[in-house]
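In what follows, a single structure is set out as C-alpha cells and then discussed.
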Amino acid sequence: MRQLTTEEIKRLEAQGCSAQDWTEVLVSDAPSLKYVRGARFSGHIEIGKFENSFEMAGGIHKHTGIFNATLHNVTIGDNCCIENIKNYIANYDIANDCFIENVDIIICEGHSTFGNGVEVAVLNETGGREVTIHDHLTAHEAYLQAIYRHRPALIDQIKRFVAEYTATRTSDRGTIGQHATIVDTGYIKNTYIGPYAKVEGAGRLKNGTLNSRQEAPVHIGYGVIADDFIVQDGSSVEDCTTISRVYVGQACMLGHGYSASDSLFFCNCQEENGEACAIFAGPFTVTHHKSTLLIAGMFSFMNAGSGSNQSNHMYKLGPIHQGALERGAKTSSDSYILWPARIGAFSLVMGRHSSNPDTSALPFSYLIEKNGETYLAPAVNLRSVGTVRDAQKWPKRDKRYKDGRLDQINFNLLSPYTIDKMIRGLHILEELENLSGATSDVYAYQSAKISNSALHRGQKLYRIAIQKFLGNSLISRLEKIDCSNVESLLEGLKPTSTIGHGEWVDLAGLIAPKASINNVLDDVERGNISSGQRLNDELRAIHSNYYEYEWTWAYEKMLQYYDLRPDRITIEDLIMIVRQWKESVVSLDKMLYEDAKKEFSLSAKTGFGFDGHDRTAEADFEQVRGAFESNAFVTEVLAHIERKSALGDRIIAMLEGLA
C-alpha cells in the first residue's frame with residue numbers, strides 16, 4: 001500500500017471523489033483508480049486492485065470498483081465491487097472478491113463481540129438456565145449449561161471458558177470475509193460476515209456472526225431481522241424471519257416468516273411459519289406450520305404437528321414452568337401440553353394434556369386424550385412405520401459438511417439409553433399388573449391411565465425390543481472376535497472397556513454413559529480441562545467410543561436379563577439368545593409390514609379417482625402412490641426379514657459347530 005500522488009488525487013476528484021484527508025487514503029494499484037467514482041473517504045482507507053468483473057444473473061457483468069459510496073476507516077481487498085451505499089460503511093475490513101451493492105449502512109461501533117457472549121434464556125423465560133452462546137457452541141455444551149445447574153462449579157468454569165473466548169473475538173472493527181455478497185440490505189451493525197456468505201435483502205442484522213465458509217456458505221434472505229445472534233455454516237435464514245437472542249447451528253433452515261426469541265437451534269433443525277420462545281431445539285427439531293408454538297421446551301429429533309402448543313405458566317407465578325419431549329417424540333395436529341411435563345423418547349402426543357404427565361420411563365408410547373384424560377399406550381410406537389422411517393431418514397438428511405461438524409450425533413433408535421428405559425418400563429408395567437391384578441380394566445400410572453390391553457401389549461413389545469437390541473449387540477460382537485474355538489469366543493465376549501456400566505444419558509444427540517460424562521465434568525471443575533475446546537474434544541472422544549461402551553453395557557444387561565453368570569456362559573446360551581433375537585426381529589418386522597399395509601387400505605384410497613368408480617380409484621391410487629408390493633419401504637422390510645433370518649441361521653450354525 002502507498003499514498004496517492006498529486007495526479008491520482010486530481011483524477012479521483014475529477015471522478016467525483018473526495019476525502020477528509022487524502023494522505024490517509026492508501027492504494028495498491030494505479031490503473032484501478034479509474035474504477036473509483038463518486039466515493040467519499042474519511043479516516044484511514046486502504047484500497048486494493050480492481051482487475052476483474054462479477055457475472056450477474058441474466059448474464060450482466062459488473063466490473064469491480066467503488067461507485068457512489070461513503071467509506072470511513074475501511075480496508076478493501078482486491079477485486080471487490082462496492083456500489084450504491086445509501087448511507088456509509090464504517091470501521092470494517094473487507095476481504096478480497098466481495099460484492100456489496102444497494103446497502104443502507106454497515107458499521108462497527110465501539111467494541112463488539114459479534115454475538116459471542118450473549119445470554120439466551122432457554123426453558124425458563126424468567127432466567128436461571130441461561131446459555132451463553134459463542135462461535136464453537138455445541139448442543140452438548142449448551143445442554144450442560146442449561147441442565148446441570150445443580151453443579152454450580154461446572155457452570156462457573158464453562159462461563160469462564162466462554163468469557164475467555166469472547167475476549168478474543170472482541171474488536172472495534174468488523175469483518176466481511178472473502179467472496180461475501182451483501183445486496184439490497186438495510187442496516188448491518190456489529191456483525192461478522194464470514195467468507196462466501198450471502199446477505200440478500202435483509203432488513204437488519206445487529207450484533208451477530210455469520211460463520212460461513214466456502215464448503216458450507218450461510219444465506220440470509222429478504223426481510224430477515226436478526227439481533228444478538230450466531231448463525232453457523234451451511235444454514236439459511238429466509239423470508240422475513242425474525243430472531244432475537246438466538247443461536248442457529250449447522251445446516252439449519254429458518255424461513256417463511258418464522259419468529260424466535262431466546263432460543264437455540266442445533267444442527268439440521270428446520271423451522272418455518274410458526275413461533276418459538278425460550279426453547280432448546282436439539283438436532284433435527286422440525287416444525288412447518290404457521291399455527292405452531294414451541295415454548296419453554298427441550299426437543300430433539302422432533303416433528304411438531306400443526307397447531308401444537310404448550311403453556312409454560314399456570315397463571316400463578318408467571319412463565320416459570322418447563323418441559324421436555326425426549327428424542328424422537330412427535331406431536332400431532334392441535335396437540336397441547338401443560339408444562340411441567342416430560343414425554344418419553346419416540347412417543348407420540350395426541351390431544352390436550354393438562355395433568356403434567358411424566359412418561360419418560362415408558363418410551364415409544366402414545367399419549368391420547370380421551371374425555372379430558374390422558375391415556376397411555378406403552379411401547380406401541382415400536383411397531384409404527386413412521387418411527388422406523390424417521391430413524392432411517394435422519395442420517396440421510398444430515399446436511400452438514402463432512403469436516404468441522406460441531407454436534408456429535410448418535411442416530412440409533414435402540415441404544416442403552418432407550419433400552420434401559422424399556423427395562424425399567426417393563427418392570428413398571430409388571431408392578432402395575434401385580435398391584436391391581438391382571439383382570440383390571442384400567443391401570444393408573446402417574447397422571448395417566450393405561451388400559452388392560454395396552455398394558456399387556458406394552459409388556460410384549462418391550463420384551464421384543466430388549467431381545468432385539470441384546471441380540472444385535474451379541475451378533476455384532478461375535479462378528480468382531482475370534483470364534484475358531486469355544487475358549488477364544490467366550491474370552492472375546494468379555495468387554496475390553498470398563499466404561500459403560502450403569503445409567504446412560506442423552507446430551508442433546510450425544511448418547512453416553514452417565515459415569516463417563518460425570519468424569520469429564522469432574523475434570524472441568526478441578527481445572528484439568530482448561531477450555532471449551534478441550535471439553536468438546538473429551539465429549540467427541542466419548543462419542544467415538546460409543547460401540548465399545550455399548551458392549552460393556554449390553555454384556556452386563558444380557559447376563560441380567562437371561563439370568564446368566566459370566567463364568568458359566570455356554571454355547572447353548574448364546575444359541576438361545578440368537579434364536580430369540582431372530583424371532584424378535586422377524587416379529588417386529590411383520591408388525592411394521594402390517595402397519596405399512598394400512599397406508600394401502602380401502603379407506604386410504606378415499607379421495608382418489610374423483611370422476612370414476614372403484615377401478616378408477618384403484619388405478620389413480622397406484623399411479624400416485626404405487627402398489628403395496630412394490631413400495632420401497634415394504635420391499636425393504638421383506639428384504640430385512642430375509643437378511644436377518646439368514647444372518648441368524650449363519651450365526652446359529654457357527655455356534656452349533658463349536659458345541
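Between ALA90, ALA57, which is among the small types (Gly, Ala, Ser) and outside any loop (DSSP other than H, G, I, E, B)? Walk me through how you get there before you give the answer.
Details: ALA57 fails: outside any loop (DSSP other than H, G, I, E, B).
Answer to the check: ALA90.
Restricting the stretch 402-437 to residues that are without any contact (Cβ under 8 Å) to a residue 12 or more places away in the chain and assigned to a loop (DSSP other than H, G, I, E, B), which is farthest from ALA139 (Cα to Cα)? Full working, then the answer.
Step one: of the stretch 402-437, the residues without any contact (Cβ under 8 Å) to a residue 12 or more places away in the chain are 402, 427, 431, 434-437.
Next, only the ones that are assigned to a loop (DSSP other than H, G, I, E, B) stay: 402, 437.
Details: LYS402: 17, GLY437: 44 Å.
The selected residue is GLY437.
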Within the bounds of the stretch 487-508, is there any residue that is at pLDDT 95 or above, crowded, with 19+ Cβ neighbours inside 10 Å and part of a helix (DSSP H, G or I)? no
Going through the stretch 114-123 in order, the residues found to be out of contact with any Gly (no Cβ under 7 Å at 6 or more places or on another chain) and buried (at least 20 other Cβ atoms within 10 Å of the Cβ) are ASN116, VAL118, VAL120, VAL122, LEU123
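Mind listing whichever residues of the stretch 509-526 are part of a helix (DSSP H, G or I) and in contact (Cβ under 8 Å) with a residue 12 or more places away in the chain?
Initially, the stretch 509-526 is screened for residues part of a helix (DSSP H, G or I), giving 514-526.
Once the filter is applied, which keeps residues that are part of a helix (DSSP H, G or I) and in contact (Cβ under 8 Å) with a residue 12 or more places away in the chain, the stretch 509-526 yields LYS514, ALA515, SER516, ILE517, VAL520, LEU521, ASP523, VAL524, GLU525.
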LEU154 versus (1) surrounded by fewer than 24 Cβ atoms within 10 Å (Cβ to Cβ); (2) in a loop (DSSP other than H, G, I, E, B); (3) touching a Leu at 6+ places or on another chain (Cβ under 8 Å): which is the lone unmet condition? (2)
Within the stretch 40-57, is even one residue surrounded by 21 or more Cβ atoms within 10 Å (Cβ to Cβ) and more than 43 Å from the chain's Cα centre (by Cα)? yes
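Working only within the stretch 557-576, note down all residues that are assigned to a loop (DSSP other than H, G, I, E, B) and exposed (fewer than 11 other Cβ atoms within 10 Å of the Cβ).
Correct list: ASP563, ARG565.
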Options ILE89, ILE105: the member that is among the β-branched types (Val, Ile, Thr) and either under 34 Å from the mean Cα position of the chain (by Cα) or more than 18 Å from ASN190 (Cβ to Cβ) (or both): ILE105
If you take just the strands (runs of 3 or more DSSP E) that sit entirely in the stretch 289-397, which of them hold at least 3 residues that are within 21 Å of the chain's Cα centre (by Cα)? 293-295, 297-299, 323-325
Of (1) farther than 26 Å from TYR187 by Cα; (2) surrounded by 17 or more Cβ atoms within 10 Å (Cβ to Cβ); (3) within 42 Å of the chain's Cα centre (by Cα), ILE60 fails just (2)
Does at least one position in the stretch 62-70 carry a residue that is in a loop (DSSP other than H, G, I, E, B), under 25 Å from GLY177 (Cα atoms) and charged (D, E, K, R)? no
Test LYS396 against the criterion of being more than 29 Å from VAL442 (Cβ to Cβ), free of Cβ contacts under 8 Å to residues at least 12 places away in the same chain and not acidic (Asp, Glu), and give yes or no. yes
Out of all the residues in the stretch 183-200, which are of a type outside the set (Ser, Thr, Tyr) and farther than 19 Å from ASP97 by Cα? GLY186, ILE188, LYS189, ASN190
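Could we say that ASP407 is within 15 Å of the chain's Cα centre (by Cα) and surrounded by 24 or more Cβ atoms within 10 Å (Cβ to Cβ) here? Write out each step before concluding.
Values: within 15 Å of the chain's Cα centre (by Cα): yes; surrounded by 24 or more Cβ atoms within 10 Å (Cβ to Cβ): yes.
So ASP407 passes the test.
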For ASP184, state whether it is over 18 Å from ARG405 (Cα atoms), free of Cβ contacts under 8 Å to residues at least 60 places away in the same chain and outside any loop (DSSP other than H, G, I, E, B). no
Among (1) surrounded by fewer than 17 Cβ atoms within 10 Å (Cβ to Cβ); (2) within 18 Å of ALA361 (Cα to Cα); (3) not charged (D, E, K, R), TYR445 falls short only on (1)
ALA465 fails exactly one of (1) under 27 Å from TYR143 (Cβ atoms); (2) buried (at least 19 other Cβ atoms within 10 Å of the Cβ); (3) in contact with a Pro (Cβ under 6 Å, 6 or more places away or on another chain), namely (3)
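Just one of VAL25, VAL36 is within 19 Å of ILE89 (Cα to Cα), free of Cβ contacts under 8 Å to residues at least 24 places away in the same chain, in contact with a strand residue (DSSP E or B) (Cβ under 9 Å, 6 or more places away or on another chain) and not hydroxyl-bearing (Ser, Thr, Tyr); which is it? It would help to see each step written out before you state the result.
On the way: VAL36 fails: free of Cβ contacts under 8 Å to residues at least 24 places away in the same chain.
Selected residue: VAL25, the only one of VAL25, VAL36 that is within 19 Å of ILE89 (Cα to Cα), free of Cβ contacts under 8 Å to residues at least 24 places away in the same chain, in contact with a strand residue (DSSP E or B) (Cβ under 9 Å, 6 or more places away or on another chain) and not hydroxyl-bearing (Ser, Thr, Tyr).
The values are calculated or read from the model by the stated rules, or taken from the named source; none is laboratory data. Note that the coordinates shown come from a computational prediction; the quantities given were computed from them, not determined experimentally. Note that each Cβ is placed from the backbone with ideal geometry, even for glycine, and that neighbours are counted across all protein chains shown.
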